[in-house]
1. Quick one: which of A90, A122, A79 is more than 16 Å from L17 (Cβ to Cβ), assigned to a helix (DSSP H, G or I) and among the aliphatic types (A, V, I, L, M)?
2. Tally the residues that are open to solvent by 20 Å² or more (accessible area, probe 1.4 Å) and within 19 Å of I63 (Cβ to Cβ), restricting the search to segment 14-29.
3. Provide a single number: the residues in segment 18-48 that are assigned to a loop (DSSP other than H, G, I, E, B) and touching a Phe, Trp or Tyr at 6+ places or on another chain (Cβ under 6 Å).
4. For segment 49-59, what are the residues that are part of a loop (DSSP other than H, G, I, E, B) and among the polar types (S, T, N, Q)?
5. Confirm whether A79 is closer than 15 Å to P12 by Cα and in contact (Cβ under 8 Å) with a residue 24 or more places away in the chain.
6. Identify the residue in segment 102-114 that is in contact with a helix residue (DSSP H, G or I) (Cβ under 9 Å, 6 or more places away or on another chain) and near the ligand (Cβ under 10 Å from one of its atoms) and, among all such residues, is most open to solvent (accessible area, probe 1.4 Å).
7. So, in segment 64-88, how many residues would count as being within 11 Å of the ligand (Cβ to nearest atom) and open to solvent by 70 Å² or more (accessible area, probe 1.4 Å)?
8. Could you tell me which residue of segment 60-76 is nearest to Q21 (Cα to Cα), considering only residues that are in a strand (DSSP E or B) and touching a helix residue (DSSP H, G or I) at 6+ places or on another chain (Cβ under 6 Å)?
Amino acid sequence: MMAKPVYILNGPNLNLLGQRQPEIYGHETLADVESMCRRAAAGLGLDIRFHQSNAEHQIIDWIHEARQGADGIIINPAALTHTSVAILDALNACDCPVLEVHISNVHRREAFRHHSYVSLRADGVIAGCGTQGYVLALERLATLLGRQHSDSRRG
Ligand code: DHK
């Protein structure tokens with residue numbers, strides 16, 4: 001079987017990463033995160049599709065695409081984490097591994113951020129590790145997919 005890409009999906013306001021609330025989300029931009037993911041994925045032998053949208057329906061459409069077209073999904077649904085039954089339903093229609101990433105430690109923040117619909121489906125959740133959480137999620141996916149796991153940080 002041909003290996004398929006891993007989808008890395010980012011929700012609302014993450015296009016402003018590096019500009020909005022840097023004390024919470026840091027100074028790196030989403031383009032920086034994408035480059036970091038591409039480097040890490042190459043070291044792990046994974047191919048990635050990296051997307052961001054402010055529109056819930058677009059994220060749902062990418063998840064539908066991933067049902068047949070991806071070996072795994074890494075998703076930071078951003079605020080939709082806490083509200084979207086529709087994203088949970090879309091992920092429940094996928095058989096591949098799903099990892100949920102939050103840049104900030106949502107459990108140290110407002111109570112409404114403590115609940116995640118996506119966690120009801122996610123095989124793993126990474127929160128509070130900054131943008132490194134995406135790399136940790138890629139490493140975990142490589143393990144779950146049985147791919148060789150050379151330590152991408154040491155090259
Ligand atoms: C990003 C957001 O935009 C928030 O709405 C979430 C998440 C947390 C993050 O930490 O990456 O509550």
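1. Only one candidate qualifies: A90.
2. Qualifying residue count, segment 14-29: 1.
3. Residues meeting the conditions: 0.
4. Selection gives S53, N54.
5. Working: closer than 15 Å to P12 by Cα: yes; in contact (Cβ under 8 Å) with a residue 24 or more places away in the chain: yes.
Considered against the rule, which asks whether it is closer than 15 Å to P12 by Cα and in contact (Cβ under 8 Å) with a residue 24 or more places away in the chain, A79 comes out as yes.
6. Here the answer is F112.
7. Final tally of qualifying residues: 1.
8. Selected residue: I74.
The values are calculated or read from the model by the stated rules, or taken from the named source; none is laboratory data. Bear in mind that the values here come from a model prediction, so they are computed numbers and not experimental data. Ideal geometry is used to build each Cβ from the backbone, glycine not excepted, and the neighbour counts take in all protein chains shown. What goes into the accessible areas is simple: the full protein's heavy atoms, side chains included, and nothing from ligands, DNA or RNA. Shrake-Rupley method; radii C 1.70, N 1.55, O 1.52, S 1.80 Å.
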